[in-house]
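These notes are about the structure you will find just below.
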Amino acid sequence: MKSQRGNFRSKFGVVLATAGSAVGLGNVWRFPFMTGQNGGAVFIIVYIICILLLGIPGMVGEFIIGRHSQSNAARAYATISRYRWWGFVGVLGIITSSIILGFYAVVAGWCLHYLGASAIGHLQGDSTYVTSYFQQHSTNVVKPAFMAVVFIGITHFVIVRGVESGIERASKVLMPLLFILLLVLVGAACSLPGAMQGVEFLLKPDFSKFTSNVFLEALGQAFFSLSLGTACLCTYASYFSRDTNLMRSASQIALVDCLTAVLAGLMIFPAAFSVGIQPDSGPSLIFITLPTVFQQAFAAMPIVGQVISIMFYALLVFAALTSTISLHEIGTAFFHEEFHIKRSYAAWIITVLCSSLAIACSLSVGGAAHLQVMGMSLMNFCDFLTAQIMLPLGAMLTCVLLGWFVKTKIIRNEITNWGTLRGSLYRSFLFNVRYVVPICILLILMHQLGVI
Ligand code: TRP
């Protein structure tokens, strides 16, 4: 089994792939609109606290389970302790990641469409035009659903053809490029008239905007962005080598992820305030704001604006692809290894299921507005269900499993790489996964359910 698994992903570069999974639409699309809906700077503060206190320990937890077991999510959770029924957390993670892939692909499809639209110059116009352009596109019955399926198809191709190593190599260049382009766009957005109001919104906390909802949303965003809570990190960590430093890798990935998100915010809000787009516009926020940045900030040199716009959407599509690969891989590895079917068949199962969900999600935003659950469109419901309930639940159960059911020797060995690293963080890690993470998440979830 092990040698067969080695084929799929070169050991080298797998930490990079994990970072690729973390950085994606969660940073550039979801983070800005969540921040906009939850009061700006206050949200960011709570988000960073969630990452430090709950996110990093949660990541290390999944890394330990994955690297120790060297198998797919369900088996990893089932075999790390004496209690095989813990495997259900792995299965829960597989279900969660498939739901995420369903709605994530719709947004990735929007980006793909915007890549084409900016290349042929369809995105040029004032902010009213750009807003109605997005409206028209996203509520179209066929096109966005088709694009979402295309996106899942590309993901399927990469996974089945085993060209992940090529993707990893490319991401070594493209990820830093995305980061640099974000920096350029932050500069461009901040040069727009009235931009400072947006910077203030992001950096100057207004504590009157603090509501209990902020906590839940920030927690969900932190987990979503770190790819935490679906055993996705666990699946990737099963390919880590014995000398990967788990603590350091988790901290580095979290740092890169957080920086990318904050940069995306610094790019969106100054521009949004400058042209009078409401910060709480929701999921459409980046799609109605960005075209304005490309045009207005580069008004003197329109061609530069267009080239930058094409580059930006291309890099965003790439970042989304490295994330959808990770979401797809969890289920594919599970079906392939547990049911002994060919990888390509296993991948087809996930592709068909997720494409169906993606079509339904896409329709729920436009063509079939009656596709609603609990008063939300199916798309928003899937986002809510996964980010705010299933991810925190998955991360909490992972920590309970590690803290209370797994031999501490395993944890110590994994954290210290069998005694070769200093173990000073081991005790605080154990305390965190035993008490801090489960109690905090439990309180937040109980609050959500109205119990407290
Ligand atoms: N973290 C990714 C992003 O920010 C999305 C993602 C990939 C994800 N794999 C995941 C989210 C697993 C939750 C769980 O875009």
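The values are calculated or read from the model by the stated rules, or taken from the named source; none is laboratory data. In this text the structure is predicted, and so the values were computed from the model without any measurement. Counting neighbours? That spans all protein chains shown, and the Cβs are built from the backbone with ideal geometry, glycine included. For the accessible areas, the whole protein counts, side chains as well, though only heavy atoms, and no ligand, DNA or RNA atoms are used. Shrake-Rupley method; radii C 1.70, N 1.55, O 1.52, S 1.80 Å.
Sub-9 Å Cβ pairs linking a first residue in region 179-202 that is farther than 13 Å from VAL293 by Cβ and β-branched (Val, Ile, Thr) to a second residue that is open to solvent by 30 Å² or more (accessible area, probe 1.4 Å) and part of a helix (DSSP H, G or I), at least 6 apart or interchain, are VAL199/CYS190; VAL199/LEU266; VAL199/PHE273, ordered by first then second residue. Taking the criterion of being closer than 28 Å to HIS137 by Cβ and polar (S, T, N, Q), would at least one residue in region 228-248 satisfy it? No, every residue in region 228-248 fails to be closer than 28 Å to HIS137 by Cβ and polar (S, T, N, Q). Against the conditions (1) closer than 19 Å to SER97 by Cβ; (2) more than 16 Å from the ligand (Cβ to nearest atom); (3) surrounded by 22 or more Cβ atoms within 10 Å (Cβ to Cβ), GLU338 satisfies every one except (3). Look at (1) in a helix (DSSP H, G or I); (2) away from the ligand (no atom under 16 Å from the Cβ); (3) open to solvent by 20 Å² or more (accessible area, probe 1.4 Å) and you find that ALA271 fails only one, number (3). Selection of region 209-228 for residues being within 16 Å of the ligand (Cβ to nearest atom) and not aliphatic (A, V, I, L, M) yields GLU217, GLY220, GLN221, PHE223, PHE224, SER225, SER227.
Just a yes or no: is a residue in region 316-330 in a helix (DSSP H, G or I), away from the ligand (no atom under 16 Å from the Cβ) and either in contact (Cβ under 8 Å) with a residue 60 or more places away in the chain or more than 30 Å from PRO438 (Cβ to Cβ) (or both)? Within region 316-330, none of the residues are in a helix (DSSP H, G or I), away from the ligand (no atom under 16 Å from the Cβ) and either in contact (Cβ under 8 Å) with a residue 60 or more places away in the chain or more than 30 Å from PRO438 (Cβ to Cβ) (or both). Total residues in region 114-134 satisfying the condition of being more than 13 Å from THR289 (Cα to Cα) and surrounded by fewer than 24 Cβ atoms within 10 Å (Cβ to Cβ): the figure is 7. SER356 fulfils the conditions (1) of a type outside the set (A, V, I, L, M); (2) part of a helix (DSSP H, G or I); (3) open to solvent by less than 40 Å² (accessible area, probe 1.4 Å) except for a single criterion, (3). Close Cβ contacts (under 8 Å, 6 or more residues apart or on different chains) running from residues in region 17-35 that are more than 28 Å from ASP206 (Cα to Cα) to residues that are more than 10 Å from the ligand (Cβ to nearest atom) and acidic (Asp, Glu) comprise ALA17/GLU164; ALA17/GLU168; GLY20/GLU168. VAL406 fulfils the conditions (1) touching a helix residue (DSSP H, G or I) at 6+ places or on another chain (Cβ under 7 Å); (2) touching a residue at least 24 places away in the same chain (Cβ under 8 Å); (3) buried (at least 21 other Cβ atoms within 10 Å of the Cβ) except for a single criterion, (1). The set of residues from region 217-248 being part of a helix (DSSP H, G or I), open to solvent by 10 Å² or more (accessible area, probe 1.4 Å) and touching a residue at least 60 places away in the same chain (Cβ under 8 Å) comprises GLU217, PHE224, MET247.
Against the numbered list (1) away from the ligand (no atom under 16 Å from the Cβ); (2) within 29 Å of THR155 (Cβ to Cβ); (3) open to solvent by 20 Å² or more (accessible area, probe 1.4 Å); (4) in contact (Cβ under 8 Å) with a residue 12 or more places away in the chain, LEU425 comes up short only at (2). Among the residues of region 429-441, at least one is part of a helix (DSSP H, G or I) and within 16 Å of the ligand (Cβ to nearest atom). Please find, within region 298-315, the residue that is farthest from the ligand (Cβ to nearest atom) out of those that are open to solvent by 30 Å² or more (accessible area, probe 1.4 Å) and in contact with a Ser or Thr (Cβ under 9 Å, 6 or more places away or on another chain). Among those that are open to solvent by 30 Å² or more (accessible area, probe 1.4 Å) and in contact with a Ser or Thr (Cβ under 9 Å, 6 or more places away or on another chain), it is GLN306.
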